[in-house]
1. Quick check on my filter: what residues within the range 369-404 are more than 24 Å from residue 277 (Cα to Cα), out of contact with any helix residue (DSSP H, G or I) (no Cβ under 8 Å at 6 or more places or on another chain) and assigned to a loop (DSSP other than H, G, I, E, B)?
2. Taking the criterion of being surrounded by 22 or more Cβ atoms within 10 Å (Cβ to Cβ) and of a type in the set (Ser, Thr, Tyr), would at least one residue in the range 166-184 satisfy it?
3. Please enumerate the residues belonging to the range 35-72 that are among the hydrophobic types (A, V, I, L, M, F, W, C) and part of a loop (DSSP other than H, G, I, E, B).
4. Give the residues of the range 341-368 that are closer than 17 Å to residue 291 by Cα and in a loop (DSSP other than H, G, I, E, B), sorted by residue number.
5. Which of the residues spanning the range 272-290 are more than 15 Å from the chain's Cα centre (by Cα) and either crowded, with 22+ Cβ neighbours inside 10 Å or aromatic (Phe, Trp, Tyr) (or both)?
6. Could you tell me which residue of the range 73-94 is farthest from the chain's Cα centre (by Cα), considering only residues that are assigned to a strand (DSSP E or B) and surrounded by fewer than 12 Cβ atoms within 10 Å (Cβ to Cβ)?
7. Just one of 201, 101 is without any contact (Cβ under 8 Å) to a residue 40 or more places away in the chain and surrounded by fewer than 23 Cβ atoms within 10 Å (Cβ to Cβ); which is it?
8. Does residue 187 satisfy the condition of being at pLDDT 95 or above, of a type outside the set (Asp, Glu) and part of a strand (DSSP E or B)?
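The values are calculated or read from the model by the stated rules, or taken from the named source; none is laboratory data. Note that the structure is a prediction, hence the values are computed from the model and not measured. Glycine gets a Cβ as well: all are built from the backbone with ideal geometry, and neighbour counts include every protein chain shown.
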Amino acid sequence: MAHRFFAVSLLCVCASAGALWSQAAPATQQETPKPATAEKNDYSKADTWLCRPGRQDACAVDLTTTVITADGKMTREDWAADPKAPIDCFYIYPTVSTEPGGNSSMTQSPAEKAVIRAQFARFASKCRPYAPMYRQVTLAALRAGIAGSPIPVNRLMAYEDVRDAWNFYLDHDNQGWGVVLIGHSQGAIVLTALIKNEIDGKPVQARMISALLLGTSLPVPKGKDVGGAFQHIPLCHAADQIGCVITYATFRATDPPPANSRFGKVADASMMAACTNPAALGDGSGLLHAYMGAKGSGVVAGAEAEPGRWTKTGPPVSTPFVGVPGMLTAECVSNENGSYLAVTLHVNPSDDRVQDIAGDVMVGGRILRDWGLHLIDVNVAMGNLLDIVGRQGKTYLAGGGKNK
């Protein structure tokens, strides 16, 4: 398998790439108005959650990793959840629904479970996992909007589902625990709205250890780290800083955002898209600790059927994930087209390990450069994010933050 590319249909690409939730079909121009009302979900029901602590659910999956060094040597890295994790994580997934309408149903499908495995289940080694279902804007709606033939969509319903799940969690599960909010693409956009409306400047902000808003363009005033999307929540500048935000969108260093990039820029000319490098929150470049899907990007259910060849001479990888120590570094970069996390590959033709990674969004054999490495925004820095969440949790608890 060529690890830079994998050819799938537009359906699969966008399902994993997530939503440009507010960009694909501008509501002010063409979108059919949302329905006036929507019946609320009952988040006391078990099947409205993909993950909850102590269950055999979407987070109870095999996350075994084959770690491959440049010389092709393979070692096995096992994984286990921490049943005594001292903090919580609350996750909202990106656009994965392949249902035909503008909003998804509340039926759990392989698509939601696949992205949980790729992006969230591993956090259960650091925190108690909570991942609600929500009636998200679907892939069908995104395709229709891009094609100029929008279908009825209720974005407010998607947001209100997440808000209701959050409030249920606060009322019935949180009990004063510190919590990390995690979202990618559409999930990050919805969480940004939730934080702005329900957390920023309110008493519950004291329980927010951090927010990981990934694969999105979060506005901040130029030269500052607070005052754009949020008025009281700054960007993170250290791995043990709490009450802050980590956010970025990834592009190859050799293939920066084009003028029509979907990420790295915001509409307000006084603002810029924030970029915080999880490999070096202080500044500069740092080594990425990636957990890559062994069969491609790892985030699309059923899209990559065959295991990848990760070495020239060794056997195919049999685990669901692969680690590539020393291969990837990242640095926040700004240019005329935006601010982004530039990912550099460090390979040598003599290496036995693969020379490239999957992650480019492709349709019909053509790379969609405006998407960057959106497919693997989370995977390329998963180990770094886990380390940060662990350190932030310790800081929170050391400062008197409550747990059980």
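1. Result: 399, 400, 404.
2. no
3. 36, 38, 58, 59, 60, 61, 63, 70
4. 346, 354, 355, 356, 357, 358, 359, 360
5. The answer is 272, 273, 274, 279, 288.
6. 75
7. 201
8. no
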